[in-house]
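> Just passing along the structure, written as structure tokens.
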Amino acid sequence: MKRKLVIAVGVAAMMTGIAACGGDSDAEGAKDKDGNKVLKVWVMDGSAPDAWIKEVNKEFEAKHEGVKVEVEEQKWNGIQEKVTTALSEDTPPDVIELGNTQTAGYAATEGLADLTGDKDKLGYDGWNKGMVASAELDGKLYAAPWYAANRVVIYDKKIFKDAGVEAPTTREEWLDGLKKIKKSNDKAQPIYLPGQSWYVFAGLLWDEGGDLATQDGDKWKGGLATDEAASAMNFYKELQSLSKAPKDKDEATPQQSTDIVPKGNVASWIGLGWEAGGAVAAIEKAGGKADFGYFPIPGKTADKPGSVFLGGSNLAIAERSKHKDLAKEWLALAAGKKQMAKYSEEVAGGLLPNNDDAQFTPEAGSFAEAMAKSAVSGKVTPVTPGWANVETEPNPVKEYMSKVLKGEDPKKAGEAADKVINERINRK
């Protein structure tokens with residue numbers, strides 16, 4: 001039976017300094033009781049299906065006599081501090097899974113090996129361009145993208161059908177359909193969209209050609225006091241006007257998938273795969289039956305879906321690793337097209353593999369199908385160590401959104417937000 005993974009992805013983390021220096025490639029490192037070299041690999045709980053990781057290691061060990069791979073599963077809670085400590089030690093794990101918003105921070109503090117010269121070996125040209133952005137910093141490669149996930153629109157098929165609304169392919173069709181639902185069904189909420197769903201806003205901003213922050217020389221500057229941000233926020237405001245969700249809360253407060261949607265009369269909402277699964281489970285536990293449909297967040301035109309944040313994980317090699325050459329070969333195997341195709345099958349379309357050609361063919365009409373279609377428009381938050389500081393609470397992007405939704409001029413609210421972003425993102 002294929003194993004489906006239930007994970008939360010795309011959570012940014014605060015980085016702290018790492019005092020790291022290079023180690024000799026494949027110098028004397030860890031050995032087991034039989035004298036075999038030990039290649040240590042850290043993966044997060046739920047990321048690597050047992051059958052898949054065993055096959056990767058079996059193939060790797062068959063090619064490298066006298067080498068054993070030791071895999072340790074880690075918990076997300078407290079992982080930043082644990083990785084920071086490990087990377088500063090003389091015998092760190094050789095390969096480490098990192099959240100894609102964490103990678104730049106560790107690279108900047110010289111905790112990760114520079115893989116720029118190994119692009120061909122690792123299969124760089126085949127990687128999803130949206131995912132690979134989070135593995136690079138200042139033009140250098142510090143990790144291999146592994147998997148990602150993104151949000152799609154989840155809708156109640158019956159409510160849509162009763163209102164005569166079909167899955168839209170453009171922003172205009174999307175709004176028209178939601179307005180039609182509101183007009184024809186006074187009990188249903190056309191869309192549940194909290195005022196501070198900032199990952200959704202980020203996608204709209206990218207569609208307008210803007211960004212949350214951009215590099216300006218050796219500094220970064222916020223991008224919310226711009227015409228692009230105002231346009232994105234004005235569209236978000238139109239969507240949110242069709243929702244009963246609070247203007248000053250995010251999608252987790254209350255948790256939309258378990259506290260809102262299962263109560264019924266929500267025609268549509270925007271969420272991740274684990275949220276869709278959580279809503280289905282909650283509805284069935286209450287004795288009901290969920291009948292959801294899924295479509296990509298629509299773009300401005302029908303030829304391309306709306307931009308989405310790709311949250312996920314990368315695989316990196318510790319700068320202090322004593323087995324760098326072996327680690328690179330393991331990474332090339334694990335992140336290569338052949339094994340990523342098998343990985344995709346193991347997770348049954350629940351996550352996106354790093355190579356588009358390795359994507360498991362999802363069931364028609366499934367969440368996975370909509371997610372895969374959206375991935376072509378996938379992006380990541382600004383790739384700089386300072387971005388982690390921006391996401392700490394109170395999050396200036398969230399505050400900006402609430403201010404605009406409550407009537408403040410987008411430019412004025414954007415100037416206040418950019419002031420905070422500029423200070424935080426450039427903090428040493």
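The values are calculated or read from the model by the stated rules, or taken from the named source; none is laboratory data. What you see is a predicted model, and the numbers here were worked out from it, not measured in a lab. A quick note on method: Cβ atoms are made from the backbone with ideal geometry, for glycine too, and the neighbour counts reach across all protein chains shown. Areas reflect the complete protein model, heavy atoms only, side chains present, ligands, DNA and RNA absent. Shrake-Rupley method; radii C 1.70, N 1.55, O 1.52, S 1.80 Å.
> Filter the cross-link list 221/403; 237/337; 249/338; 179/289; 158/247 down to pairs whose alpha-carbon distance in this structure exceeds 31 Å. Mind dumping the intermediate values first?
Working: 221/403 20 Å; 237/337 41 Å; 249/338 43 Å; 179/289 26 Å; 158/247 27 Å.
Over 31 Å apart, Cα to Cα: 237/337; 249/338.
> Specify which labelled value, from (i) 22.1, 64; (ii) 23.5, 72; (iii) 22.3, 73, agrees with Rg and Dmax of the Cα atoms in Å derived from the coordinates of the model shown.
Working out Rg and Dmax of the Cα atoms in Å from the coordinates points to (iii).
> Could you pull out which residues in the range 144-162 have an amide N less than 14 Å from a spot 7 Å beyond the Cα of residue 121, following the Cα-Cβ vector?
Those under the cut-off are 144.
> For the pair residue 376 and residue 129, how long in nm is the line joining their label points, each one 7 Å along Cα→Cβ?
For the pair residue 376/residue 129, the computed spacing is 1.2 nm.
> Relative to the Cα centre, what is the charge dipole magnitude of the range 274-373, using +1 at the beta carbon of each Lys and Arg, -1 at the beta carbon of each Asp and Glu, and rounding to the nearest 20 debye? Kindly include the intermediate steps, with their values, before the conclusion.
Working: 12 positive and 13 negative charges, 72 e Å.
With Lys and Arg at +1 and Asp and Glu at -1, about 340 debye.
> Among 146, 160, 135, whose Cα sits farthest toward the positive end of the charge dipole of the range 135-176 (+1 at Cβ of Lys/Arg, -1 at Cβ of Asp/Glu, about the Cα centre)?
Positive-end residue among those listed: 146.
> Moving on. Multiply the residue separation of residue 90 and residue 281 by 0.36 nm, subtract the distance between their alpha-carbon atoms, and state the gained length in nm to one decimal.
Details: separation 191, 0.36 × 191 = 68.76 nm, distance 4.57 nm.
Extra length from residue 90 to residue 281 when fully extended: 64.2 nm.
> Using modelled amide H (1.01 Å from N, peptide plane; none on Pro or chain starts), what sits under 5 Å from the amide H of residue 69, excluding residues fewer than 5 places away?
Under 5 Å from the amide H of residue 69: 39.
> First measure r as the distance between the Cβ atoms of residue 237 and residue 428, then evaluate 1/(1 + (r/R0)^6) with R0 = 35 Å and state the FRET efficiency to the nearest 0.05. Walk me through the numbers before you get to the answer.
On the way: r = 36 Å, r/R0 = 1.03.
Rounded to the nearest 0.05, the efficiency is 0.45.
> Using Cα-Cα distances under 8 Å and only pairs 6 or more residues apart, what relative contact order does the range 151-303 have, in percent? Could you put the intermediate results ahead of the total?
On the way: 228 pairs, mean separation 63.8, N = 153.
Once divided by the residue count of the range 151-303, the mean separation gives 42 percent.
> Could you pull out every one of the lysines with an alpha carbon less than 19 Å from that of residue 40, ignoring same-chain neighbours closer than 8 positions?
Result set, ordered by chain and number: 31, 54, 58, 63, 68, 75, 82, 322, 324, 328.
> With a point put 7 Å past each Cα toward its Cβ, work out how far residue 82 is from residue 140 in nm, to one decimal.
2.7
> Provide the FRET efficiency to the nearest 0.05 for the residue 61-residue 337 pair, computing r from the beta carbons and using R0 = 30 Å. Don't jump to the answer; show the numbers that get you there.
Values: r = 21 Å, r/R0 = 0.69.
Calculated transfer efficiency: 0.90.
> Right, something else. Which order do 427, 151 take when ranked by solvent-accessible area (1.4 Å probe, heavy atoms of all protein chains), largest first?
Working: 427 110, 151 30 Å².
Greatest to least solvent exposure: 427, 151.
> While we're here: Let me check against my output: what whole-number percent is the relative contact order of the chain, with C-alpha pairs under 8 Å and at least 6 apart? Walk me through the numbers before you get to the answer.
Working: 880 pairs, mean separation 118.2, N = 428.
So the answer I get is 28 percent.
> Using +1 at the Cβ of each Lys and Arg and -1 at the Cβ of each Asp and Glu in the chain, identify which of 422, 381, 306 lies farthest towards the dipole's positive end.
306
> Something else now. To the nearest 10 square angstrom, how much accessible area does residue 248 have with a 1.4 angstrom probe?
Only protein atoms counted, so the area is about 70 Å².
> Could you sort 65, 415, 97 by their accessible area in this structure, using a 1.4 Å probe and putting the largest first? Numbers along the way, then the final one.
On the way: 65 185, 415 120, 97 5 Å².
Per-residue accessible area, sorted high to low, gives 65, 415, 97.
> Any chance you could look up the accessible area of residue 199 with a 1.4 Å probe, heavy atoms only, rounded to 10 Å²?
Rounded to the nearest 10, the figure is 30 Å².
> Here is a follow-up. Express in Å², to the nearest 10, the accessible area of residue 61 obtained by rolling a 1.4 Å probe over the protein heavy atoms while all chains stay in place.
50
> Can you pull the percent of the chain's accessible area that's carbon plus sulfur, 1.4 Å probe, other chains left in place? Walk me through the intermediate numbers first.
Details: 8800 of 18550 Å².
That share works out to 47 percent.
> What are the ³J(HN,Hα) values, in whole Hz, obtained from phi via the Karplus relation 6.51 cos²θ - 1.76 cosθ + 1.60 with θ = phi - 60°, for each residue of the range 208-217 in sequence order, with x given for Gly and Pro?
7, x, x, 8, 5, 7, 9, 7, 10, x
> Could you calculate the contour length gain from residue 301 to residue 364, that is, 0.36 nm times the residue separation minus the distance between their Cα atoms, to one decimal place in nm?
Values: separation 63, 0.36 × 63 = 22.68 nm, distance 2.27 nm.
Full extension from residue 301 to residue 364 adds 20.4 nm.
> Now, a different point. Between residue 325 and residue 406, take the C-beta separation as r, use R0 = 56 Å, and let me know the FRET efficiency to the nearest 0.05.
With R0 = 56 Å, the Cβ-Cβ based efficiency is 0.50.
> Filter the trypsin sites (Lys or Arg not before Pro) in the range 54-137 to those in DSSP coil with at most 13 other Cβ atoms within 10 Å of their Cβ, and list the result.
Working: sites: 54, 58, 63, 68, 75, 82, 119, 121, 129; in loops: 75.
Passing both the DSSP loop test and the Cβ count: 75.
> With contacts defined as alpha carbon pairs under 8 Å and 6 or more residues apart, what's the relative contact order of the range 266-363 in percent? If you can, show how the numbers build up before the last one.
Details: 57 pairs, mean separation 12.6, N = 98.
The normalised contact order for the range 266-363 reaches 13 percent.
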